[in-house]
Structures are given as structure tokens and as C-alpha cells.
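Step one of this worksheet: look at the structure below.
The values are calculated or read from the model by the stated rules, or taken from the named source; none is laboratory data. Worth saying up front: this structure is predicted, and the values here are computed from it rather than measured. Heads up, the Cβs are rebuilt from the backbone with ideal geometry, glycines too, and the neighbour counts pull from every protein chain shown.
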Amino acid sequence: MELIIFFTNREDRMQFMKNHLKIEAAVLDKGEEFFEKIDGMKSIKLKNRVNTIPGFWLELNFLETEKGEKLYNLLCHSVDSSQMRDNVFYPKENLPLKDLEAGWSAKYNLTKRESQEEIWKLFYQEIKSHIKYDRIDIAYKGFTLFLKYNPFFLKKYKRYYILEDLAYLYENIGNVGKAIKCLKMQAVLQPNSIEPYLNISSFYIINGMEEEAYQICQEALKKSPENQYLISNLIIALINIGNLEYAVDFLEEVLEKNPNNAYFWKLMGDILYEMEDNKGAIDCYQKALKIGKNPGVDDFKLDIHTGIGDCHYEEENYTEAVTQYRKALNYNPKDPYLLLNLGQIHFFKLKDTKKAFKYTSLLVENMPENGYGQYQLGLIYSHLGNIEKAIWHLYRARSIIPYYKPIHDAINLVKKNNKKYHAY
């Protein structure tokens, strides 16, 4: 016979054992050997989880004797049925908020203002378990109850960061609305922080909601006018909307106040590049490099040299473009964009097949699923007269990006010029 009982806190479990089993707190750490001395009792176990349900559980195993059965029946009548293992409220299916609130309130006594910290911790553990098992709607409703009854618990130790995890889970299933609501909930818990606004604006940008991103950035910049990440998101939103002129005006005002901020000069370079002002963009990128000679972040230098390389490419200064791309490559030797560009320039513009092969081979070696790299390598092999390898890489490219027409044209051309492959 077995009886498994749920408690919301350690003290209640201890009191139950004292009252009904005559066990004193001082002996609880002595192990199960002690419990065998209780007449009719086989074992007692203290658990923090049963059937994935967190709690202060008490597992009682009774002997199949008259005394064991008597003790079992006595304890069954001493326990509320809602504390029995199979009756403990632990929703695995999403329910309306009012039903969840009723169940959790009865289980944890949420409306009791002086509820122990231990009880709120247990409720928090339950919500985390729902996240773990992908019951994110249940978890979301649980956090709304935290916000209603005990928001200070989430503020303590910055527990509100779990709302970011929940937001990303919603984003992964395409529910951007709920993701934003999670971050807005976090913003309520951090009224003086711009971090939630930054996350919200990033979510908006990623999901093509630039107007909303712009609005939230403007709101947050009232709190932190010089936060470069907010300014960056605002500029990205403006670029995506196509409002480049306003983006330039906005950044010019920012740069008047922060002329030594390398990141803002880099942003201005990005905008001018979008506006096809390549020379102006190069000037801004060079200023960013000069100001931020040692920013300590390789990604910054990688982006700057890549940006300068892009500008020179547009101006048909291919040798200088190669120089800048190679400088960028120092910070990320496997960057697919840089390797592809270097391969293209050497093959199509500088007619240096050897270097084109070097960079394109590196790209395909590091990223075999890059269809454009496979296509380019196929063209290079064709140029070198290795038709078999050319066909193989072109077919591989076609399987990865079947919609890219130049691949089909290249395959037809290679087959047309080589009778051996007419039947393929």
C-alpha cells in the first residue's frame, strides 16, 4: 500500500509527520532506517517531484499487515483529497485563465498576502516545468497571475528574465503577438530599464514590423537618449521602411552630440551605402575605424572592412574591395559572404582563377549547403576543364536552390558543350 501526499511547503510537511507519525524534525536526516521502526510502516520518502510535478512530497509505503492497513486508512482520512497524488492540480491541457486561476489559488492560496516565500518559489518551479514541457500558454497565464498577486517575486533576483525565454519560444512557433506581450510584461516589471524596449523593437524588426519598432524605439529613447543599441534599431527600422533621409537627419543630430562615437559613424556609413553614396559611406567607415581603433570587438572591425569593401565593389574598385574583404576575413576566416565575394571578384572581375578557386573551395568546404558557393565552384571547374566535377557541383547547387535560373543555364551550357553528358 502506498500513499503519496503533496504539500506546498516544507513546514506543513514536517508538521504532518510530527502530528500523524510522531516524527521529530531532528531525526528526519537519519535516513529510512529510522522509519522502519514505525509500526505498520515500510518506508517514508521525502521527494521534491512526483510525475514531473514539483512539490514537497511525502511518499508513505505501508506493510501488508493489519497494523499497516489501519495506519494507511487513518492517514487517508487525515489528508485533504486535493493533496493526493492523482488529485493535485497540475494542468497539462490549456484552460481558460479563470479556471487556471481558481485551481492555482486553491493549491497555493495565492490571495493570501502573507503566503510564504517558499510557496511562491514552488509555484514558480511549476511554471518553469510547464515551459520545459512546451506548455507555454499555461506558463504565460501563470506569469499573469504572478503579475497580479506578487510581482515583487519576479523582480527579486531578476527572475523576470525568464519572460524573454518564453518570448523566444512564442516567436519560434510564429506567435509574435504573444512574444511581444511577454516582453511588455517584462517592461512592467522593469519600469526604469530600456532593455525590454530593446528586445521588443528587435522582435518587431525581425518580424517585419518596422513601424512598430520605430515607435517603441522613440518611446525608449525618451528614457535613454544616447543608447546606441536603441538608436541602431531605430535606424534599421527607418532603413527597412525606406525613410533614409530622415535616418540621416536623425543620425546627424546624434553625431553632433556624440562626435567620437565610432558605432554611430558606422551606422551613418551603412545608411549612405544604402543611398548609393559610396564615397560618403567610405568616409564615415574610415572615421569609425580611426575613432574606434581598439574597440575590443572583432565584429565591429569585420563589419567596417566589409562595408568599405562593398562600397569599393560598387565603385568598381575591385582591387581595393579585395583588400578590404581580406582584412575583414582576418576577424572571421570562414565568413561565407566574404569568401563568396572574394571568389566572385577574382573569377569574374580580376580573372584570377587560382585565387577564385581558393576562396570558393574554402566556402564550400565550410558550408557545403551554400548553393551559391556550389554554383560558383561548378563554374570554376568548368573553366578549368574538369567537366565531371563541374557537373557534380552544379547539380548539387540545383538541389539546394532549384529556383535560381543561372544554375539551370550553366548546366545546359556545360552539357551542350560536352556530348558525354547529353543523356543526363
Can you tell me which residues in the stretch 236-245 are surrounded by 12 or more Cβ atoms within 10 Å (Cβ to Cβ) and either basic (K, R) or free of Cβ contacts under 8 Å to residues at least 12 places away in the same chain (or both)?
N243
Flagged in the stretch 184-195 as part of a helix (DSSP H, G or I) and over 16 Å from Y140 (Cβ atoms), in numbering order, are E195
Quick one: which helices (runs of 4 or more DSSP H) lie wholly within the stretch 86-183 and hold at least 1 residues that are of a type in the set (D, E)?
97-108, 117-132, 136-149, 162-172
Does the stretch 120-129 hold any residues that are surrounded by fewer than 20 Cβ atoms within 10 Å (Cβ to Cβ) and within 21 Å of L183 (Cβ to Cβ), and which are they?
Y124, K128
Any chance you could count how many residues in the stretch 373-394 are more than 21 Å from L362 (Cβ to Cβ) and not small (G, A, S)?
3
Check whether at least one residue in the stretch 154-168 is closer than 23 Å to F7 by Cα and surrounded by 15 or more Cβ atoms within 10 Å (Cβ to Cβ), and report yes or no.
yes
Could you list, ordered by first residue, the pairs with Cβ atoms under 8 Å in which the first is in the stretch 256-277 and modelled with pLDDT under 95 and the second is part of a loop (DSSP other than H, G, I, E, B) and aromatic (F, W, Y), at least 6 apart or interchain?
none
Just one listed residue, out of K47, K42, K70, is at pLDDT below 95 and assigned to a helix (DSSP H, G or I), and it is K70
Determine if the stretch 360-381 includes at least one residue that is assigned to a loop (DSSP other than H, G, I, E, B) and either closer than 30 Å to M268 by Cα or touching a His at 6+ places or on another chain (Cβ under 7 Å) (or both).
no
Test set (1) more than 22 Å from E101 (Cα to Cα); (2) within 14 Å of the chain's Cα centre (by Cα); (3) without any contact (Cβ under 8 Å) to a residue 24 or more places away in the chain - L183 fails condition number:
(1)
Here are the criteria: (1) modelled with pLDDT of 95 or more; (2) part of a helix (DSSP H, G or I); (3) farther than 25 Å from C311 by Cα; (4) charged (D, E, K, R). Tell me which single one E388 does not satisfy.
(1)
Given (1) in contact with a helix residue (DSSP H, G or I) (Cβ under 7 Å, 6 or more places away or on another chain); (2) more than 30 Å from A281 (Cα to Cα), index of the condition N386 fails:
(1)
Here are some residues: P96, P91. Which one is under 20 Å from F146 (Cβ atoms) and free of Cβ contacts under 8 Å to residues at least 24 places away in the same chain?
P96
When you check D310 against the structure, is it surrounded by fewer than 18 Cβ atoms within 10 Å (Cβ to Cβ), under 31 Å from the mean Cα position of the chain (by Cα) and not hydrophobic (A, V, I, L, M, F, W, C), yes or no?
no
Cross-chain or 6+ apart pairs with Cβ under 9 Å, the stretch 117-138 first and in contact (Cβ under 8 Å) with a residue 60 or more places away in the chain, then β-branched (V, I, T) and outside any helix (DSSP H, G or I)
E118/T8; I119/T8; L122/T8; E126/I53; S129/T52; S129/I53; Y133/T52
